[in-house]
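Undergrad: Sending over a structure as structure tokens; questions will come in a sec.
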Amino acid sequence: MPENAVEIENIVKTFGDFNAVDGISLKIKSGEIFGILGPNGAGKTTTINMILGLLSPSSGKIIVNGKDVMIYGAEIKSQIGLMTQETVVESDLTARENLEIFARLYHVPEKERQGRIKEALEEAELTNFSDKKAGTFSGGMKRRLELVKSMIQRPRILILDEPTTGLDIQNRVNMWEHIKDLNKEGVTVILTTQYLEEANEICERIAIIDHGKIKAIGTPSELKKIVGAGRILEIIVENGGDANAVASFLKTDFKLSAEVKLDKITVPVESNQEGIMAKILAGLDKKKIRISSINLHMPTLDDVFIKLTGSEMRDATGEMSGDRNEVMMRR
Ligand SMILES: Nc1ncnc2c1ncn2[C@@H]1O[C@H](COP(=O)(O)OP(=O)(O)O)[C@@H](O)[C@H]1O
Ligand SMILES: [Mg+2]
């Protein structure tokens, strides 16, 4: 196995006069779980479509398993499993039939076909639903079916484009376990996600991308160091409260420069600032600035993203990350 499963060298993809991918370079090691983390429209799908050879770069080069995608496209396609962002299982076909079609498409030898399909149904926890139409399945079941479908030809590399977007937390955690299991069997996993928590949970290394550019690459703990502070202080003002007043109070009284986003103020503080929260609370009280919550936490990938891009992650609907509560719970 080559050291790197994928090497991306300065790829650009231009649509009209707009660079959807704007000079990305990265190396994905064989055997790792690599995350491409970024908000809607960041260029994630465009990037993976180029890795798969489905889209040609406007410039730059991609090497998969030591071979140039532009030259060895067909060979490389058979080495990569893909689970697309949109659910594509055939609703009118049963779980078994869906797998059957794919096994044929990927030339799984006939004598192995039924065995692999049986195994796949077991892995997807769908054995009891093998002969039910996929259209009747829940979102989580459909995604599990897609996951095993993308593995039916036993690829060495698996690409998952937002595998858990739209799933509830239980199904998301379940999907994470399936992905980790595949990786333990030696499959290199490349996944894109809008969920900071997901990248933190399962990826060994992460590239944060925004507007077609890489903002940072590293392990979750390396990325958290970017925030450069011992702790992150977060204050949320009361409904109708003045977040900017809090920020300027922090500036004048504590020499802290805070980021303000709607009703929330975020600011890195050094770990050696004992009792800072109490002092801030007392000061706010004195100035009659009312807040609804204050907390001090270790940096999360959320904080890294805010630091790197100046804004919070947006979720699939283009709004603020719905993962807020989940992130908070884990602090
Ligand atoms: N075929 C296309 N033609 C024009 N613009 C495109 C095309 N595909 C993607 N884009 C644009 O490129 C940007 C990146 O898209 P995409 O790679 O799908 O982002 P992501 O997967 O991170 O949400 C978006 O602004 C999108 O609208
Ligand atoms: Mg996408």
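Values quoted throughout were computed directly from the atomic coordinates according to the rules given, and no laboratory measurement underlies them. The structure displayed is predicted, hence computed values, not measured ones. Note: ideal-geometry Cβ built from the backbone for every residue, glycine included; neighbour counts use all protein chains shown.
Undergrad: For the stretch 22-79, what's the radius of gyration and Dmax over Cα atoms, in angstrom?
TA: 11.6, 31
Undergrad: What does the net charge come to around T94 if you take all other residues with beta carbon closer than 14 Å to its beta carbon, with K and R at +1 and D and E at -1? Let's see the in-between values first.
TA: Details: positive: R96, K118, K132, K133, K142, K149; negative: E90, D92, E97, E100, D131.
Residues close to T94 contribute a combined charge of +1.
Undergrad: Same structure again: Which value at 222 nm does the chain reach when only helices count, each DSSP H run of 4 or more adding -39,500 (n - 2.57), with the total divided by all residues and rounded to the nearest 500 deg cm²/dmol? Spell out each step's value before the answer.
TA: Working: 12 runs with 119 residues, N = 331.
Result for the chain, helices only: -10500 deg cm²/dmol.
Undergrad: In whole Å, what are the extents of the stretch 1-102 along the principal axes defined by its C-alpha atoms, from largest to smallest?
TA: 43, 35, 25
Undergrad: Still on this structure, please answer the following. How are the Cα pair distances of the stretch 105-262 distributed, in percent, across 10 Å bins from 0?
TA: 8, 27, 26, 18, 12, 7, 2, 0
Undergrad: Here's a follow-up. Where is the GNM fluctuation largest for the chain (alpha-carbon springs, 10 angstrom cutoff): K224, K149, K286?
TA: Its mean-square fluctuation being the largest, the pick is K286.
Undergrad: Helix 139-150 sits at what angle to the longest principal axis of the chain, using alpha carbons and giving 0 to 90 degrees rounded to 10?
TA: 50
Undergrad: Another question, then. Using the count of nearby Cβ atoms within 10 Å as a rough guide to exposure, how do T165, T87 rank from fewest to most? Could the numbers behind the result be given before it?
TA: Details: T165 18, T87 15.
Lowest to highest Cβ neighbour count: T87, T165.
Undergrad: Within the set of other residues whose C-beta is less than 12 Å from the C-beta of S221, count the net charge using Lys and Arg as +1 and Asp and Glu as -1.
TA: Values: positive: R205, K224, K225; negative: E204, E222.
Residues near S221 contribute +1 overall.
Undergrad: With a Förster radius of 30 Å, plug the Cβ-Cβ distance of E270 and R290 into 1/(1 + (r/R0)^6) and report the FRET value to the nearest 0.05. All intermediate terms of the calculation are to be shown ahead of the outcome.
TA: Numbers: r = 27 Å, r/R0 = 0.89.
My answer for the efficiency is 0.65.
Undergrad: Report, as a whole number in µm² per second, the diffusion coefficient that Stokes-Einstein gives for the chain at 20 °C and 1.002 mPa s using the Kirkwood radius over alpha carbon pairs. Intermediate results must be reported in sequence, preceding the final value.
TA: Values: Rh = 21.7 Å.
Calculated translational D: 99 µm²/s.
Undergrad: Between I51, I208, I169, which gets the highest mean-square fluctuation from a Gaussian network model of the chain, Cα cutoff 10 Å?
TA: Looking only at I51, I208, I169, the largest GNM fluctuation is found for I169.
Undergrad: Can I ask one more? On the Cα set of the stretch 165-230, report Rg and Dmax in Å, please.
TA: So, for the stretch 165-230, Rg and Dmax equal 13.2, 37 Å respectively.
Undergrad: A further question follows. Can you tally the net charge around S292? Count Lys and Arg as +1, Asp and Glu as -1, for every other residue whose Cβ sits under 11 Å from the Cβ of S292.
TA: 0
Undergrad: Can you tell me the order of 20-26, 257-263 when each peptide is scored by its average per-residue count of other Cβ atoms within 10 angstrom, highest first? All intermediate terms of the calculation are to be shown ahead of the outcome.
TA: Values: 20-26: 18.9, 257-263: 15.3.
Ranked from most to least packed, the peptides come out as 20-26, 257-263.
Undergrad: Pick from A245, A207, A124: which is most flexible by mean-square fluctuation in a GNM of the chain where alpha carbon atoms under 10 Å apart are linked?
TA: A245
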